[in-house]
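Report on the structure given below.
The values are calculated or read from the model by the stated rules, or taken from the named source; none is laboratory data. These numbers come from a predicted model, not from an experiment. Every residue, glycine among them, receives a Cβ derived from its backbone with ideal geometry; neighbour counts consider all protein chains shown. Quick note on the areas: whole protein, heavy atoms, side chains included, nothing else; ligands and nucleic acids left out. Shrake-Rupley method; radii C 1.70, N 1.55, O 1.52, S 1.80 Å.
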Amino acid sequence: MTQVATLQSFIGGRWIGHEAALPLRGALNNALIYHTHAEQIDFDEAVTYARKTGVPALMKMDFQQRAARLKALALYLLGRKEELYAISHLTGATRADSWVDIEGGTGTLFAYASMGSRELPSSNVLHEGPAMSLGKSGGFAGTHILVPRGGLAVHINAFNFPIWGLLEKFAPSFLAAMPCIGKPATATSYLTEALVRMMHESGLLPEGALQLVIGSTGDLLDRVNGADVVTFTGSADTAAKLRAHRNLIANSVPFTAEADSLNCAILAPDVTPDDAEFDLFVKEVAREMTGKAGQKCTAIRRILVPENLVDAVGTRLRERLAKVSVGDPSVEGVRMGALASKDQQRDVAERVALLAQGNEVLFGERDGFSPIGEGVGEGAFHAPTLLLCRDGMRNDAVHDVEAFGPVSTIISYDGIEQAMALAARGRGSLVSTLVTRDPATAAYAVPMAAASHGRVLILDREASVDSTGHGSPLPQLKHGGPGRAGGGEELGGIRAVRHFLQRAAVQGSPTMLAAVTGEYVRGAKVQESEQHPFRKYFEDLTMGDSLLTHRRTVSEADIVNFGGVSGDYFYMHFDEIAAKDTQFGKRIAHGYFVLSAAAGLFVSPAPGPVLANYGLDNLRFITPVAIGDTIRARLTCKRKVDRNRTDDKGIGQGVVAWDVQVTNQNDELVASYDILTLVMKRH
């Protein structure tokens, strides 16, 4: 007889747990597959280890280095993904379900590694500018900075995505230099344990960066303080209890919740059964009902349909659901697996019974439900179930009761205004989908939907080509929702990293602000030397290195020649009579000529460390330049970002942002911008 393994927690840099405790059973046949461990976790040790070991280890790295480490970790996990797929099968997930969890998780690591390398500095201070003058003489200014909090992040996750659920929280908190204590839902914690073992075995995580709790959180939340952060994904009821935790309130511990919600899909009145959008709507609803066996916090629970199309939608959905084969995903042709556990199966059945009161069951267990595979009779399977509510304004259950499985309810509406009112009855949801052909309908409905939903998908035939679908949170966009959905935010690009950082206002002289932020602030002291800044290698450049160029007087020939080269014959540059009637009262030079002329003033033309122009940011034309005006430019090293990369020849590169100020003969600012360059390293 094969011995059943006991899961272990990873606390204080070691794996603990040998004595078996709670049995965990596979979703497909209810077979015993693991035990949790009986040993009690010393949460004082876990918290102390995170603070005294994890924080210093992460702070030895900067944002860029941590981003590079995330990328390496993603590549490592991707190389071992098949091991995770094999374990994920035990949760009842199909290959497609597991893909969302496993490769969606590693994809989130890749996304944050990429965003971090593009948008974060080579330091542990993120300048949230611009700096602003606070005095008349320019000697006193203020700005905002974001810095690591010096605490730890406790991530409490749901059972439905054991891998993605941890990684989508780990990635931004790791970038923010916060060591993590992950607590997965017990039912599928064996998959998270396998993931954390891989992450530890990779050797890529600094000591103390990640700990794992199998089982109860014990007194963990009693030990966090105001420097820490707690995040939660799961039921709205549990989120409410955690939010009211005495210690979290007493110490003002930031708490973010992403809770299950009654998300909706709305078929707009302009769509007919003959439109491609009608088929898109039916397909999207069916996919959301059966994907992950409906166990997604973003799944469509309410299907809002015009009264005259209820029967047509019901018929199409029944036809599509009847073709879905349910059973063991290892059997060819199976498209929907099991719920995560027998407890979950019982819970869904109870909630379906509540929803069925006063409503019609259009499709369900009675319609030939028979899971496929060996031993599935003992598994946690539930039939795809479609209900119909013909009076959603009076039936509260469809807006209050969520069956966290392959269950959804069609709700009829009369007019788009009523549809939006019904959508809002969910009291805050993660996502809604509006299927429409009409831009005017979208313009009218989306702002109303956005008031009670964290994300709105507008689906039509054009978007369908690339759409990732209703239920797919993306790293670049916010994931979360108001009200019942938890009121929190996750993901959303670098916004998520900022959630784990501490924001502070800083006041002082421009020179002092530049020293603190690591960015040149206008008005700060600069360093000028005989060596042109473009002749310096990346390592030799210092923030504040500056060049004040010689002057150039703009002539009519300059304007005529630039017009000929660019093809820009706008009247302000060429029509003296028309120009006199404008606010400028005369012809002026092209703005892009001013940029080109400024580049000619500050560029060092010989081959050297500066390899290429990488981009242009924050361009503003301030004062017009007329014929006869004389301009000059000041070029100042504003910011350096070490991308930790090399070219094909093994030569390192970094990105340098240069502050450019173009002034006229009266020292008036005529153009202002940042230019980005790739700069070679010495080695």
field: Filtered residues of region 433-454 (kept if out of contact with any Ser or Thr (no Cβ under 8 Å at 6 or more places or on another chain) and closer than 21 Å to residue 403 by Cα)
entry: 433
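Yes/no per residue for (1) open to solvent by less than 40 Å² (accessible area, probe 1.4 Å); (2) under 27 Å from residue 331 (Cα atoms); (3) of a type in the set (D, E, K, R); (4) touching a residue at least 12 places away in the same chain (Cβ under 8 Å):
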{"position": "10", "(1), (2), (3), (4)": "yes, no, no, yes"}
{"position": "80", "(1), (2), (3), (4)": "no, yes, yes, yes"}
{"position": "87", "(1), (2), (3), (4)": "yes, yes, no, yes"}
{"position": "111", "(1), (2), (3), (4)": "yes, no, no, yes"}
- request: Would you mind telling me which numbered condition in (1) within 24 Å of the chain's Cα centre (by Cα); (2) surrounded by fewer than 18 Cβ atoms within 10 Å (Cβ to Cβ) residue 52 fails?
  value: (1)
- request: Sort out which residues of region 374-417 are small (Gly, Ala, Ser), farther than 29 Å from residue 94 by Cα and not in a loop (DSSP other than H, G, I, E, B), and write them in order of number.
  value: 397, 412
query: What do you reckon, is residue 469 in contact (Cβ under 8 Å) with a residue 40 or more places away in the chain and either open to solvent by less than 20 Å² (accessible area, probe 1.4 Å) or out of contact with any Cys (no Cβ under 6 Å at 6 or more places or on another chain) (or both)?
result: yes
field: Which numbered condition residue 550 fails, given (1) outside any helix (DSSP H, G or I); (2) within 24 Å of residue 121 (Cα to Cα); (3) open to solvent by 40 Å² or more (accessible area, probe 1.4 Å); (4) not β-branched (Val, Ile, Thr)
entry: (2)
- request: Taking residue 496 as the residue in question, decide whether it is in contact (Cβ under 8 Å) with a residue 24 or more places away in the chain and either in contact with a Ser or Thr (Cβ under 8 Å, 6 or more places away or on another chain) or not aromatic (Phe, Trp, Tyr) (or both).
  value: yes
- prompt: Quick check: is even one residue across region 610-622 part of a loop (DSSP other than H, G, I, E, B), open to solvent by 20 Å² or more (accessible area, probe 1.4 Å) and either free of Cβ contacts under 8 Å to residues at least 60 places away in the same chain or of a type in the set (A, V, I, L, M) (or both)?
  reply: yes
statement: Residue set 532, 499; condition within 19 Å of the chain's Cα centre (by Cα) and of a type outside the set (Gly, Ala, Ser); output residue 499
query: Out of all the residues in region 273-297, which are in contact (Cβ under 8 Å) with a residue 12 or more places away in the chain and part of a loop (DSSP other than H, G, I, E, B)?
result: 273, 275, 295, 296, 297
query: Quick one: would you say residue 649 is basic (Lys, Arg) and surrounded by fewer than 19 Cβ atoms within 10 Å (Cβ to Cβ)?
result: yes
query: Considering only region 441-473, how many residues are under 20 Å from residue 104 (Cα atoms) and part of a loop (DSSP other than H, G, I, E, B)?
result: 8
- request: Check residue 657 against each of (1) within 22 Å of residue 519 (Cα to Cα); (2) open to solvent by 10 Å² or more (accessible area, probe 1.4 Å) and name the one condition it does not meet.
  value: (2)
query: Among the residues of region 588-601, is there at least one that is assigned to a loop (DSSP other than H, G, I, E, B) and either free of Cβ contacts under 8 Å to residues at least 60 places away in the same chain or in contact with a Cys (Cβ under 9 Å, 6 or more places away or on another chain) (or both)?
result: yes
- request: Being open to solvent by less than 10 Å² (accessible area, probe 1.4 Å), part of a helix (DSSP H, G or I) and among the β-branched types (Val, Ile, Thr) is the filter here, so list the residues in region 298-356 that pass it.
  value: 310, 313, 348
query: Quick one: residue 4 ticks every box in (1) in contact with a Leu (Cβ under 7 Å, 6 or more places away or on another chain); (2) open to solvent by less than 20 Å² (accessible area, probe 1.4 Å); (3) within 30 Å of residue 372 (Cα to Cα) bar one, so which box is it?
result: (2)
message: Checking the structure you have, find out if any residue of region 580-587 is in contact with a strand residue (DSSP E or B) (Cβ under 9 Å, 6 or more places away or on another chain), under 20 Å from residue 670 (Cα atoms), surrounded by 14 or more Cβ atoms within 10 Å (Cβ to Cβ) and at pLDDT 90 or above.
response: no
message: Please pick out the residue among 371, 439 that is open to solvent by 10 Å² or more (accessible area, probe 1.4 Å), under 25 Å from residue 93 (Cβ atoms), at pLDDT 90 or above and not charged (D, E, K, R).
response: 371
message: Within region 411-421, take every residue that is surrounded by fewer than 22 Cβ atoms within 10 Å (Cβ to Cβ) and in contact (Cβ under 8 Å) with a residue 60 or more places away in the chain and give me the one that is nearest to residue 297 (Cα to Cα).
response: 416
task: Would you mind listing the strands (runs of 3 or more DSSP E) fully within region 1-61 where at least 3 residues are under 20 Å from residue 173 (Cβ atoms) and touching a helix residue (DSSP H, G or I) at 6+ places or on another chain (Cβ under 6 Å)?
output: none
